[in-house]
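See structure below.
The values are calculated or read from the model by the stated rules, or taken from the named source; none is laboratory data. Keep in mind that what you see is a predicted model, and the values were worked out from it rather than measured. Cβ sites come from the backbone with ideal geometry, for glycine too, and all protein chains shown count toward neighbours. The area values use the complete protein model at the heavy-atom level, side chains included, leaving out ligands, DNA and RNA. Shrake-Rupley method; radii C 1.70, N 1.55, O 1.52, S 1.80 Å.
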Amino acid sequence: MSQVYNFSAGPAMLPKQVLQLMQAELLEYGSAKASVMEISHRGADFMALAQKSEQNLRDLMNIPDHYKVLFMQGGASSQFSMVPINLLRGKTKANYTHTGHWSKKAIAEAQRYCSVNICTDSSDNKYTDIADFECWNIDEDGAYLHYTPNETIAGLEFDYTPEVGMPLVADMSSSILSREIDVSKYGVIYAGAQKNIGIAGLSIIIVREDLIGNVVQNQPILFDYATQANNDSMYNTPSTYPWYVASRVFEWLKEQGGLSAMAKINERKAKTLYKAIDGSDFYLNPVTKRYRSWMNVPFLLANEDLNPFFLEKAANNGLITLKGHRSLGGMRASIYNAMPQEGIDQLVAFMQDFEKENG
Ligand SMILES: *Cc1c(COP(=O)(O)O)cnc(C)c1O
């Protein structure tokens, strides 16, 4: 098979070593004499996997002991409702930043449970900039503040963690594990797995213990963080295979040197690509430099008529899934942890050749 670099936004590229391990272990897992897909989640083999994967994630992210780590189904989108259900704790208001497509969806869901105060709104600038924190309008009576550290579609990423006097909730679906963060600054961190953790079907929730156990009445038992926390994420059958893949990705990340090493690699990858975009009038990225994402790099061709030709030629050169989100058009290169520097270098070389031929 020839080398292909997959720039898909999610489900996304996995590290090759992890895919090879999945292949090698597919039929027989450990001492189980069966595939990891075929064994009980309560058996010794899977329980050991679950414990070790949680420990590895705790090591990687330096998660303090007073936080629970939950491995759930339902994707990041189910957290859009679980967050208000669990964190309102008798209050009627919550603060949300509106910085892109995903925060907009989180807001729409929260509005079904409470009054949402939008503390900053980037829709006026088409999600290319974030207002200075000092100018945000934060309602002190809000139960929490929810934000999206990396907006996957417009490629808009915070370069700091907002510090507020209420629990901070972060949808880290497209940026978790891409660099070091201080978990103790957060009340809840959640992420769907299919971008930077593994494959679809799993979401990971990191929640401060004192925020658990005050769920709104008459909501599904499964949607109570306490149900998951008190049952080691095994109240019902968890997503065993996605959990297994996540465990292999965590091990791979440790082998790479952990998140400080990943941050250096990711920063270099992003800089290489933005430099190529900025260095030409043929390509364009409209996001304010400070808030440009390390993980999702949208770019436009000055001549949009060339889009289909660009995508076709790129794919013929082994650079696949570069089509931009339908709301933005153009291209988007999603360059999560699994994308090596070589993939970026090949993309940049292709972009320069394409410009020479068509510019
Ligand atoms: C992809 C994505 C989601 C949606 O994730 P699902 O697991 O499909 O529900 C939510 N938020 C962000 C920031 C995303 O990138």
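Given the conditions (1) without any contact (Cβ under 8 Å) to a residue 40 or more places away in the chain; (2) open to solvent by 10 Å² or more (accessible area, probe 1.4 Å), report the number of the one that M331 does not fulfil.
All conditions pass for M331, except number (2).
Please determine whether any residue of region 31-47 is closer than 30 Å to Y144 by Cβ and touching a residue at least 60 places away in the same chain (Cβ under 8 Å).
No, region 31-47 contains no residue that is closer than 30 Å to Y144 by Cβ and touching a residue at least 60 places away in the same chain (Cβ under 8 Å).
Quickly run through region 143-172 and pick out the residues that are among the acidic types (D, E) and assigned to a loop (DSSP other than H, G, I, E, B). Full working, then the answer.
Taking region 143-172 as the starting set, the residues that turn out to be among the acidic types (D, E) are 151, 157, 159, 163, 171.
Answer for region 143-172, where residues must be among the acidic types (D, E) and assigned to a loop (DSSP other than H, G, I, E, B): D159, E163.
In this structure, is E54 crowded, with 18+ Cβ neighbours inside 10 Å, without any contact (Cβ under 8 Å) to a residue 40 or more places away in the chain and either farther than 16 Å from R248 by Cα or of a type in the set (D, E, K, R) (or both)? It would help to see each step written out before you state the result.
Working: crowded, with 18+ Cβ neighbours inside 10 Å: yes; without any contact (Cβ under 8 Å) to a residue 40 or more places away in the chain: yes; either farther than 16 Å from R248 by Cα or of a type in the set (D, E, K, R) (or both): yes.
Criteria met by E54.
If you scan region 66-80, which residues turn out to be within 14 Å of the ligand (Cβ to nearest atom) and either assigned to a helix (DSSP H, G or I) or surrounded by fewer than 21 Cβ atoms within 10 Å (Cβ to Cβ) (or both)? So that I can check it myself, show each step before the final result.
First pass over region 66-80, keeping only residues within 14 Å of the ligand (Cβ to nearest atom): 71-80.
Q73, G74, G75, A76, S77, S78, Q79, F80, listed by residue number.
Look through S175, S233, S260 and report the one residue that is in contact with an Asp or Glu (Cβ under 8 Å, 6 or more places away or on another chain) and part of a loop (DSSP other than H, G, I, E, B). Full working, then the answer.
Values: S233 fails: in contact with an Asp or Glu (Cβ under 8 Å, 6 or more places away or on another chain); S260 fails: part of a loop (DSSP other than H, G, I, E, B).
The match here is S175.
If G74 satisfies all but one of (1) in contact with a Lys or Arg (Cβ under 6 Å, 6 or more places away or on another chain); (2) small (G, A, S); (3) at positive phi, what's the number of the condition it fails?
(1)
In this structure, does I277 turn out to be open to solvent by 20 Å² or more (accessible area, probe 1.4 Å), closer than 26 Å to Y160 by Cβ, assigned to a helix (DSSP H, G or I) and outside the structural domain of D124 (by TED's automatic domain parsing)?
Details: open to solvent by 20 Å² or more (accessible area, probe 1.4 Å): no; closer than 26 Å to Y160 by Cβ: yes; assigned to a helix (DSSP H, G or I): yes; outside the structural domain of D124 (by TED's automatic domain parsing): yes.
Considered against the rule, which asks whether it is open to solvent by 20 Å² or more (accessible area, probe 1.4 Å), closer than 26 Å to Y160 by Cβ, assigned to a helix (DSSP H, G or I) and outside the structural domain of D124 (by TED's automatic domain parsing), I277 comes out as no.
Let's see how each residue does on (1) over 23 Å from P238 (Cβ atoms); (2) of a type in the set (G, A, S); (3) more than 10 Å from the ligand (Cβ to nearest atom):
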site: Y96; (1), (2), (3): yes, no, yes
site: I130; (1), (2), (3): yes, no, yes
site: A154; (1), (2), (3): yes, yes, yes
site: G165; (1), (2), (3): yes, yes, yes
site: Y190; (1), (2), (3): no, no, no
site: A200; (1), (2), (3): no, yes, no
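Within region 81-94, work out how many residues are surrounded by fewer than 24 Cβ atoms within 10 Å (Cβ to Cβ) and within 14 Å of the ligand (Cβ to nearest atom).
Counting residues in region 81-94 that are surrounded by fewer than 24 Cβ atoms within 10 Å (Cβ to Cβ) and within 14 Å of the ligand (Cβ to nearest atom) gives 1.
Please list, ordered by first then second residue, the pairs with beta carbon atoms under 7 Å, 6 or more apart or interchain, first in region 294-312 and farther than 25 Å from E151 by Cα, second among the polar types (S, T, N, Q).
The qualifying pairs are L306/N358.
Step by step: first the residues of region 236-257, then only those that are β-branched (V, I, T) and assigned to a helix (DSSP H, G or I), then the one that is most open to solvent (accessible area, probe 1.4 Å). Which residue is that? Reasoning before the result, please.
Going through region 236-257, the residues β-branched (V, I, T) turn out to be 237, 240, 245, 249.
From what is left, the residues that are assigned to a helix (DSSP H, G or I) are 240, 245, 249.
Working: T240: 24, V245: 0, V249: 7 Å².
Per the stated criteria, the residue is T240.
Six or more apart or on different chains, Cβ under 8 Å: which pairs go from a residue in region 190-208 that's outside the structural domain of W102 (by TED's automatic domain parsing) and open to solvent by 10 Å² or more (accessible area, probe 1.4 Å) to one that's hydroxyl-bearing (S, T, Y) and within 11 Å of the ligand (Cβ to nearest atom)? Could you list them?
none
Applying the selection to region 338-352, what residues are of a type in the set (D, E, K, R) and open to solvent by 80 Å² or more (accessible area, probe 1.4 Å)? Please lay out each step first, then the result.
The initial filter retains those residues of region 338-352 that are of a type in the set (D, E, K, R), namely 342, 345.
Result: E342, single match.
Residue under question is E140, and the condition is that it be under 18 Å from K91 (Cα atoms) and either open to solvent by less than 10 Å² (accessible area, probe 1.4 Å) or assigned to a loop (DSSP other than H, G, I, E, B) (or both); does it hold? Please lay out each step first, then the result.
Working: under 18 Å from K91 (Cα atoms): yes; either open to solvent by less than 10 Å² (accessible area, probe 1.4 Å) or assigned to a loop (DSSP other than H, G, I, E, B) (or both): yes.
For E140, the condition - under 18 Å from K91 (Cα atoms) and either open to solvent by less than 10 Å² (accessible area, probe 1.4 Å) or assigned to a loop (DSSP other than H, G, I, E, B) (or both) - is met.
Within region 308-326, how many residues are assigned to a loop (DSSP other than H, G, I, E, B) and open to solvent by 80 Å² or more (accessible area, probe 1.4 Å)? Step through it out loud before you land on a result.
Keep residues of region 308-326 that are assigned to a loop (DSSP other than H, G, I, E, B), which gives 317-318, 321-322, 324-326.
Among the residues that remain, those that are also open to solvent by 80 Å² or more (accessible area, probe 1.4 Å) are: 317, 326.
Count: 2.
Within region 98-128, how many residues are more than 16 Å from the ligand (Cβ to nearest atom) and basic (K, R)?
Result for region 98-128: 2.
Give region 167-188 a look and list any residue that's farther than 18 Å from G74 by Cα and either within 13 Å of the ligand (Cβ to nearest atom) or of a type in the set (A, V, I, L, M) (or both), or say none. I'd like the intermediate steps shown before the answer.
Here is the first cut: in region 167-188, the residues farther than 18 Å from G74 by Cα are 167-168, 175, 177-187.
Result: L168, S175, L177, S178, I181, V183.
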